[in-house]
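The values are calculated or read from the model by the stated rules, or taken from the named source; none is laboratory data. Model, not experiment: these values are computed from the prediction. Here the Cβ is made from the backbone with ideal geometry for all residues, glycine too, and neighbour counts use every protein chain on show.
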Amino acid sequence: MIRIEAIRFIAILPGSAVRNVAFRSLSLLLVLCAASFARTQEAAEVFVPGQTYFGKDKHIEYLAGDLPFILSAPHGGREKPEHIPDRKEGTFAFDVGTQELARAIHAEIYKQTGHYPHIVICRISRRKIDCNREIAEACAGNKDAEAIWHDWHRFIGAARAQVVKSRGRGLYIDLHGHGHKVAQLEMGYLHSADDYASTDEQLNGSQFLAASSLQGLIALNRRPYAELVRGDFALGTLLMERGFPATPSKERPQPTTPYFRGGYNTVRYGRDGGPIAGLQIETNSRGVRDNDASRAKFAKALADSLQIFFEAQFAMPLAPQPAYSHQQDLERSASDVPARSASRVVAAPSRCAPPVTCCRRFRCRPRHCR
Ligand SMILES: [Zn+2]
């Protein structure tokens, strides 16, 4: 109907006006087609879990995942392409070993769960691009650098979309390395060291909640906020229990200074991350990322901690559970393990085979299975 009216309208116009209207209509049609094509392309960008994808000139690497966990390593890159000039202003510290640590975490989580985390790695030197800054400071106006910066965020965005679509919520960690005197993990939730001098009651106040990078968890309203950052099941506490001193945590509730509170990525993908909670982890070097053995040890501690963290804080397992029949389990427990009560049964021991995570309660760890 609208089209017929438009044709009638064109028919009563003089020749040049008709050409004008036709040209504008054609232009509009082309713009609409282009927008539709772009949307189709966006929708068609499918990342297969377990596969690796690269951005421009392979400077950004994305290990696509299927778990509700995203980890990025922005400052462990070594590549120094000559056509991108060195940045003149900003911070240039190289987070030695963090790229390798991210890969070790990827391998360990797969080993434990049989599923893949999402890992985004910046392989280009911080001299050229800073993937933890807004674009002006990150790229110093260089167009090639800007394209790479956009690749970084495109991949994290794709990871986020997959997590939200598949599990509804999840966790993001921006992984760094510090050179501070005190050898401890600095867990950054966007609060200063002084902020943690507050009592737990004060920390639970609205001003801290609003500033936090854990919005995705705060929205669930499962625990008081102070418990999320320094309670029994805070990530710092869980890592500390596994031999990696961390602050804030139950044992070290207030960070010493200097302390890194979290940067651009933590704001963008944590505080402003919707259903995905985020934080920054600044790692000390020795025993964490200084060699393969350290990295494997830390990766195991983090993977163990994440499995407990997801159960305790998100009330969901990190990895999907295998198909489970309570009736079958009761039958098996009646014949095999007569002493167990039905309420304690979560999975028969015979079902426990690495890398499958078979225990549903967060206190029950895979290593306890037989
Ligand atoms: Zn860094």
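The set of residues in the range 127-139 being more than 17 Å from Ala158 (Cβ to Cβ), buried (at least 23 other Cβ atoms within 10 Å of the Cβ) and within 14 Å of the ligand (Cβ to nearest atom) consists of Ile129, Asp130, Asn132, Ala138. Might you let me know whether the range 76-92 holds any residue that is free of Cβ contacts under 8 Å to residues at least 24 places away in the same chain and not basic (Lys, Arg)? Yes; the residues of the range 76-92 include at least one that is free of Cβ contacts under 8 Å to residues at least 24 places away in the same chain and not basic (Lys, Arg).
For Tyr196, the conditions (1) touching a strand residue (DSSP E or B) at 6+ places or on another chain (Cβ under 9 Å); (2) under 26 Å from Leu101 (Cα atoms); (3) hydroxyl-bearing (Ser, Thr, Tyr) are fulfilled apart from (2).
Taking the range 43-59, which residues are in a loop (DSSP other than H, G, I, E, B), of a type in the set (Phe, Trp, Tyr) and either surrounded by fewer than 19 Cβ atoms within 10 Å (Cβ to Cβ) or without any contact (Cβ under 8 Å) to a residue 24 or more places away in the chain (or both)? Give the derivation first.
In the first step, residues of the range 43-59 are kept if they are in a loop (DSSP other than H, G, I, E, B); the result is 45-51, 55, 59.
If we keep only those that are of a type in the set (Phe, Trp, Tyr) as well, we get 47.
None - no residue of the range 43-59 is in a loop (DSSP other than H, G, I, E, B), of a type in the set (Phe, Trp, Tyr) and either surrounded by fewer than 19 Cβ atoms within 10 Å (Cβ to Cβ) or without any contact (Cβ under 8 Å) to a residue 24 or more places away in the chain (or both), so the list stays empty.
With respect to Phe92, is the statement that it is among the aromatic types (Phe, Trp, Tyr) and farther than 28 Å from Thr247 by Cα true? So Phe92 fails the test. Against the numbered list (1) more than 21 Å from Phe155 (Cβ to Cβ); (2) free of Cβ contacts under 8 Å to residues at least 40 places away in the same chain; (3) away from the ligand (no atom under 14 Å from the Cβ), Gln112 comes up short only at (2). A Cβ distance below 6 Å, combined with a sequence gap of six or more or placement on separate chains, defines the contacts here; from the range 243-263, residues that are without any contact (Cβ under 8 Å) to a residue 24 or more places away in the chain and farther than 11 Å from Gly188 by Cα reach no residue that is outside any loop (DSSP other than H, G, I, E, B) and within 16 Å of the ligand (Cβ to nearest atom).
Show me the helices (runs of 4 or more DSSP H) entirely contained within the range 123-230 in which 2 or more residues are without any contact (Cβ under 8 Å) to a residue 60 or more places away in the chain.
On the way: elements: 135-139, 143-167, 200-203, 206-211, 215-218, 225-230.
Answer list for the range 123-230: 135-139, 143-167, 200-203, 206-211, 225-230.
Yes/no matrix, rows are residues, columns are (1) modelled with pLDDT under 50; (2) outside any strand (DSSP E or B):
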site	(1), (2)
Leu13	yes, yes
Ala35	yes, yes
Gln41	yes, yes
Glu61	no, no
Gly77	no, yes
Ile84	no, yes
Arg87	no, yes
Thr91	no, yes
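In the range 312-323, the residues that are at pLDDT below 95 reach residues that are not in a loop (DSSP other than H, G, I, E, B) and not hydroxyl-bearing (Ser, Thr, Tyr) with C-beta atoms within less than 9 angstrom, at least six apart or across chains, in these pairs: Pro320/Arg167; Pro322/Arg351.
Looking only at residues in the range 259-275 that are away from the ligand (no atom under 11 Å from the Cβ), of a type outside the set (Ser, Thr, Tyr) and over 15 Å from Phe208 (Cα atoms), the one that is surrounded by the fewest Cβ atoms within 10 Å (Cβ to Cβ) is Gly274.
In this structure, does Gly278 turn out to be surrounded by 24 or more Cβ atoms within 10 Å (Cβ to Cβ), small (Gly, Ala, Ser) and part of a strand (DSSP E or B)?
On the way: surrounded by 24 or more Cβ atoms within 10 Å (Cβ to Cβ): yes; small (Gly, Ala, Ser): yes; part of a strand (DSSP E or B): yes.
It is true that Gly278 is surrounded by 24 or more Cβ atoms within 10 Å (Cβ to Cβ), small (Gly, Ala, Ser) and part of a strand (DSSP E or B).
Provide a single number: the residues in the range 179-216 that are surrounded by 20 or more Cβ atoms within 10 Å (Cβ to Cβ) and touching a Phe, Trp or Tyr at 6+ places or on another chain (Cβ under 7 Å). The number of residues fulfilling the criteria is 9.
Filtering the range 61-107 to residues that are under 22 Å from Phe314 (Cα atoms) and either within 16 Å of the ligand (Cβ to nearest atom) or buried (at least 22 other Cβ atoms within 10 Å of the Cβ) (or both) leaves Gly65, Leu67, Pro68, Phe69, Ile70, Leu71, Ser72, Ile105. Does Val120 satisfy being surrounded by fewer than 24 Cβ atoms within 10 Å (Cβ to Cβ), within 21 Å of the chain's Cα centre (by Cα) and within 16 Å of the ligand (Cβ to nearest atom)? Answer is no for this residue.
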